[in-house]
Structure formats: C-alpha cells, structure tokens
Amino acid sequence: MLKVQKIQSEIFNSNVYTITSSEQEEVFLIDCGGFEPVIDSLPKTVIVSGIFLTHYHYDHIYFIKNWIDRYPNVKFYGSQITLEGLSNPKRNLSFYHEDPIEVFGVDYQVITDAVSVKLYDYTSITAFLSEGHCEGSLSFLLDNYIFTGDALIPNIPIVTKLKTGDKEKAKDSVRKIKSLVNDDFTICPGHLETFKYKEVKWNLYLND
C-alpha cells in the first residue's frame with residue numbers, strides 16, 4: 001500500500017513529501033528542504049533511495065548534502081536545468097543567504113515532460129514540465145497525488161519575479177495542472193497545506 005506524508009522543513013516553510021510502501025523498504029522523497037523531521041517520520045529500517053526535485057531553489061534543496069551523506073547511493077531525479085542549478089550558488093539562491101550550495105557528481109537522472117519513473121512494482125511517477133516560477137520546474141503525478149512544487153501553492157499568486165520567472169509560463173503550468181487533476185486528487189504544493197481541486201481559486205491564476 002502506498003503512503004504519502006507531508007513534512008514541513010525545520011528551517012524554511014517548504015514541504016518535503018515521503019513516499020513509502022508497506023511492502024518494500026525503499027522510500028522516495030519529493031524535494032529535500034528538510035532533514036531531521038523527515039528522518040524522524042520514517043521507520044528505522046527503510047532506505048531513502050530516490051529524491052525527486054521540483055526545482056533548484058535554496059529552500060527546496062537546503063539539506064541535499066545531508067541526504068547524500070546519510071544515503072550515499074541516493075539517486076536524484078529532475079530536469080537538466082535543475083541539475084545545473086545544484087552546482088551554481090547564485091542560480092539556486094544559496095549565495096544570497098551566505099550559505100553557498102554547490103553539488104557536483106551526484107547520481108542524477110535527467111527527466112523531461114511526460115517521462116515516467118518506476119517506483120515500486122505496482123506504480124510509477126510521471127514528471128510534467130511546469131515552468132513559470134523558475135525555468136526547469138517539474139510537477140510529479142503519482143496515483144491520485146500531484147506534487148506541484150512552487151508552480152501551484154494553495155490560493156497564493158505564483159512568484160514569478162525571481163530570475164527565469166515568467167508569468168505566461170506560470171499560467172500555462174496552472175492550466176496543465178488543472179487538466180491533470182480532478183477532486184479525487186490531492187494537490188501537494190511546495191509550501192503550506194495539501195488541498196483539493198474544488199478548493200483552488202483557479203481564477204486567481206487564469207483569465208480564461
């Protein structure tokens with residue numbers, strides 16, 4: 001049985017999601033802006049084998065080195081642009097917090113729009129390009145969950161003022177997310193609480 005749990009970062013208010021299976025000891029994460037609370041939430045016997053990155057901003061990768069140190073064989077998944085952002089402190093914004101993050105040589109699989117990755121024998125996760133907040137952002141669809149990073153946060157305008165932000169791309173991404181989900185889905189954003197389709201004020205984002 002698949003279980004998804006949200007844990008808020010102990011440093012920022014960004015979310016980390018854990019994906020676990022009652023049948024297997026492998027755990028997958030969405031983003032890595034948190035560490036100790038995530039570790040505390042997991043059974044001691046499990047291994048974090050994969051981390052899916054929605055984008056490369058500081059608050060979503062803050063603990064990346066801690067995860068690599070604890071699980072040296074962990075594999076990362078994300079866009080090519082996110083990979084490039086991991087090694088560039090100005091691009092990932094850590095430079096401006098006087099805490100430069102530079103990560104090189106990690107086990108990283110570049111995934112693009114509509115590419116699926118098998119998690120367990122019975123399920124896969126699918127990436128969808130959702131730019132607008134920043135270039136290379138991905139959302140991830142898994143069963144009745146969609147992990148949107150900062151492409152859609154419950155009823156808060158999308159931040160597009162940072163470098164590579166784009167208002168029109170942000171609208172396109174919201175349209176895509178809206179087309180992928182219905183009220184059976186749980187929308188799992190990069191900040192704040194999870195929510196349902198009918199709880200979204202779609203007109204806040206779209207002028208359709």
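Structure values in brief
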read-out	value
Residue satisfying all of: in the stretch 132-148; in contact with a helix residue (DSSP H, G or I) (Cβ under 7 Å, 6 or more places away or on another chain) and open to solvent by 30 Å² or more (accessible area, probe 1.4 Å); farthest from residue 55 (Cα to Cα) among these	141
Selection count, the stretch 93-113, where residues are open to solvent by 60 Å² or more (accessible area, probe 1.4 Å) and more than 15 Å from the chain's Cα centre (by Cα)	9
Where a residue in the stretch 30-52 is surrounded by 14 or more Cβ atoms within 10 Å (Cβ to Cβ) and its partner, wherever it lies, is assigned to a loop (DSSP other than H, G, I, E, B) and of a type in the set (Asp, Glu), with Cβ under 8 Å and at least six apart	34/10; 35/10; 51/31; 52/31
Residue within the stretch 97-104 that is modelled with pLDDT of 95 or more and either at positive phi or in a strand (DSSP E or B) (or both) present	no
Test: residue in the stretch 179-189 that is within 19 Å of residue 7 (Cα to Cα), in contact with an Asp or Glu (Cβ under 6 Å, 6 or more places away or on another chain) and in contact (Cβ under 8 Å) with a residue 60 or more places away in the chain	no
Output for the stretch 15-32, where each listed residue is at negative phi and within 10 Å of the chain's Cα centre (by Cα)	15, 16, 17, 29, 30, 32
Residues of the stretch 1-29 classified as without any contact (Cβ under 8 Å) to a residue 24 or more places away in the chain and open to solvent by less than 30 Å² (accessible area, probe 1.4 Å), total	2
Residue, nearest to residue 53 (Cα to Cα), within the stretch 171-208, restricted to residues that are open to solvent by less than 30 Å² (accessible area, probe 1.4 Å), aliphatic (A, V, I, L, M) and outside any helix (DSSP H, G or I)	187
Pairs, first farther than 15 Å from residue 2 by Cβ in the stretch 115-128, second open to solvent by less than 10 Å² (accessible area, probe 1.4 Å), C-beta under 6 Å, six or more apart	115/127; 127/111; 127/138; 127/140; 128/139
Criterion (assigned to a strand (DSSP E or B) and exposed (fewer than 14 other Cβ atoms within 10 Å of the Cβ)) met by exactly one of 118, 90	118
The stretch 111-134, residues that are β-branched (Val, Ile, Thr) and farther than 16 Å from residue 29 by Cα	112, 115
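The values are calculated or read from the model by the stated rules, or taken from the named source; none is laboratory data. If you're wondering where the values come from, they're calculated on a predicted model, not measured in any experiment. Glycine also receives a Cβ, built like all others from the backbone with ideal geometry; neighbour counts cover every protein chain displayed. Surface accessibility is based on the protein's heavy atoms, side chains included, excluding ligands, DNA and RNA. Shrake-Rupley method; radii C 1.70, N 1.55, O 1.52, S 1.80 Å.
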